[in-house]
Amino acid sequence: MSLKDADKEFVWHPYTQMSDWDKWNNRVIVKGEGFYLIDSESRKYLDGIASMWCNVWGHGQNKVVEAMTKQLKNLQHSTLFGLASGPSVQLAERLVGLARGMDRVFYTDNGSTAIEAAMKMALQYWRNKGRDAKIEFISLEHGYHGDTIGAMSVGYIENFFGAYKPLLTRVHRAPSPLLYKSRFEDERDLAEWCLEKTERLLKKRGDRFAAMIMESGAQIAGGAIIYPAGYQRKVAKLCKDNDVLLVLDEIATGFGRLGSMIEYLAQRSEPDIVCFGKALTAGYFPLAVTLTTDRIFNAFLGKYSENKHLCHGHTFTGHPVGCAAALANIELYEKRNLIQQINANTRYVASRLLEFARSPIVTDIRHKGLLAGIELARNNKPIITLKNKERINYFIMQESLKMGVHLRSLGNILMVIPPLAIGRRDLEKLLDVQLEILRKVERLS
Ligand SMILES: Cc1ncc(COP(=O)(O)O)c(C=O)c1O
């Protein structure tokens, strides 16, 4: 059986209506080369969404692979339960050096579980302090934090998670500072309004809230919503004033996506807990981290019999190969001045977005760093299906693959979210293809 046929027969794909998949010309990727993915029929696709926003350097050809191979030959895995491992110690030291204000690193193996660990830390912190009433969470509308139970609760999206509601915990929601279609003209007024609402919630239920959880700098899955200047800093202050922990999710926005290595530092907003994942290993290994301060960590100290310690851990927690990948990745960020390159490419993206802005169906563009969301609408209504009844996101994915690029839109929002170290020529190609797809949607909508 060919790989394509076997895929149709045996694999269940995420977020995919599998009855559609049968009709789909499925591509099976068998190789990566630079920023390109190559399928079983030798076709090449530019990795236009950085393999779900995590790829940094492209595929299969750099120091990260060497470091992982070396680690694999030396020690493929040993647990952090009762033992330490060299790479996890070195990486923790490195991360604490980068993430100013943080003192401790807890390892998990994907973004969602990093959020679960953060939520458990927040809950138990208050319990260990004897503040048993602080058991609720507050998060932002349009937030997304992953697909596990706690993460779905704080990043609840009805369309995705409605069926799983019975599993979820109740979470209070503060408004997200999305200017598009709001009643505000100026984002500062909107931010003030959001902050007032957030403050009211925090004041009203502060004695019940364990933590506020939000993405750092921008909400990506919620539609590339970029926070107005000063907003996050003020939220952090509100949390502090109301004795509510702040958990920042930098899984998608940290490590350069928005132009800064550590986004909360750029936002001048110190969290109590922060999560990183995705680009942490440049997309080479599933690894995520939950960092926190000594203030939180110390509340977990005591005698075993007091049961104050954190009861969380996975078989692959702090996997040495993942840690070796992350260490090599961070070294490359510095050696190759990646943040500077991202900022130069950011200016290029901004100049190209002006071409998109001229389209009659582009109603809003939100951009920061190597992230942009281009909102497509007609007669003030989001374009969900095209004239031929095809769903727009399906059309964009199909068309882009035909044109040698892998793209995935967020419904009617065309996303620009390339691998972070993408070169200028590939970035140009990516934007050219996106512009061409936009022209096709113009004709078909
Ligand atoms: C902000 C944010 N948090 C958490 C996650 C979940 O990460 P993972 O898919 O690695 O579980 C994602 C994934 O897209 C994300 O964008």
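Observations, loosely collected:
- Here is the list for the stretch 275-363: trypsin sites (Lys or Arg not before Pro) lying in DSSP coil, each with at most 10 other C-beta atoms within 10 angstrom of its C-beta, are Lys303, Arg358.
- 5 angstrom amide H check on Leu410, placed H, neighbours 5+ away: Met415
- Estimated from helices alone, the mean residue ellipticity of the chain at 222 nm is -12000 deg cm²/dmol (sum of -39500 (n - 2.57) over DSSP H runs with n ≥ 4, per residue).
- Potential extension, Ile157-Met52 segment - 0.36 nm per residue separation minus Cα distance: 36.0 nm
- HN-Hα J in Hz across the stretch 273-284 - Karplus 6.51, -1.76, 1.60, θ = phi - 60°, x for Gly and Pro: 9, 9, 10, 10, x, 5, 6, 3, 10, 6, x, 8
- Quarter the surface of the alpha carbon convex hull of the stretch 301-352 and you get the mean projected area, 7.0 square nanometres.
- Theoretical FRET efficiency, 1/(1+(r/R0)^6), r = Cβ-Cβ of Arg336 and His77, R0 30 Å, to 0.05: 0.55
- For the chain: rounded, prolate or oblate by the Cα gyration tensor [a/c cutoff 1.5]: oblate
- From the largest down, the stretch 302-434 spans 65, 37, 26 angstrom on the principal axes of its Cα atoms.
- Exposure proxy ranking, count of Cβ atoms within 10 Å, fewest first, for Met415, Met1, Met52, Met119: Met1, Met52, Met415, Met119
- Neighbours of His314 by Cβ distance under 13 Å: Lys/Arg scored +1, Asp/Glu scored -1, total -1.
- Rounded if a/c under 1.5, otherwise prolate or oblate - the stretch 21-62, Cα gyration tensor axes: oblate
- Distance between the C-alpha centres of the stretch 80-104 and the stretch 378-413: 42 Å, rounded to the whole angstrom.
- Taking the stretch 80-148 and dividing mean pair separation by its residue count, relative contact order in percent (alpha carbons under 8 Å, at least six apart): 27 percent
- Amide H partners (placed H, <5 Å) of Glu141, local residues excluded: Ala174, Ser176
- At most 16 other Cβ within 10 Å, DSSP loop - chymotrypsin sites (Phe, Trp or Tyr not before Pro), the stretch 293-368: Phe300
- Across the stretch 65-335, C-alpha contacts under 8 Å between residues 6 or more apart give a mean separation that, scaled by the residue count, equals a relative contact order of 29 percent.
- Per-residue Cβ neighbour counts within 10 Å put Phe184, Phe255 in the sequence Phe184, Phe255, beginning with the fewest.
- Which of Trp12, Trp53, Trp126, Trp193 has the fewest Cβ neighbours within 10 Å, and the rest in rising order: Trp12, Trp193, Trp126, Trp53
- Checked against a 32 Å cut-off, the cross-linked pairs Lys165/Lys402; Lys23/Lys440; Lys237/Lys308; Lys120/Lys181; Lys335/Lys429 give Cα-Cα distances beyond that limit for Lys165/Lys402; Lys120/Lys181.
- Estimated FRET transfer efficiency (Phe300, Arg170; beta-carbon r; R0 25 Å; 0.05): 0.45
- Checking every one of the trypsin sites (Lys or Arg not before Pro) in the stretch 17-63 against DSSP loop status and a limit of 10 other Cβ atoms within 10 Å picks out Lys23.
- Mean separation of Cα contacts under 8 Å, 6 or more apart, over the residue count of the stretch 1-69: relative contact order %: 23 percent
- Rounded if a/c under 1.5, otherwise prolate or oblate - the stretch 105-147, Cα gyration tensor axes: oblate
Each value in this text was obtained by applying a stated rule to the coordinates, not by laboratory testing. Everything numeric here is computed off the predicted structure, so don't read it as measured data. Reconstructed Cβ throughout: ideal geometry from the backbone, glycine too, with neighbour counts over all protein chains shown.
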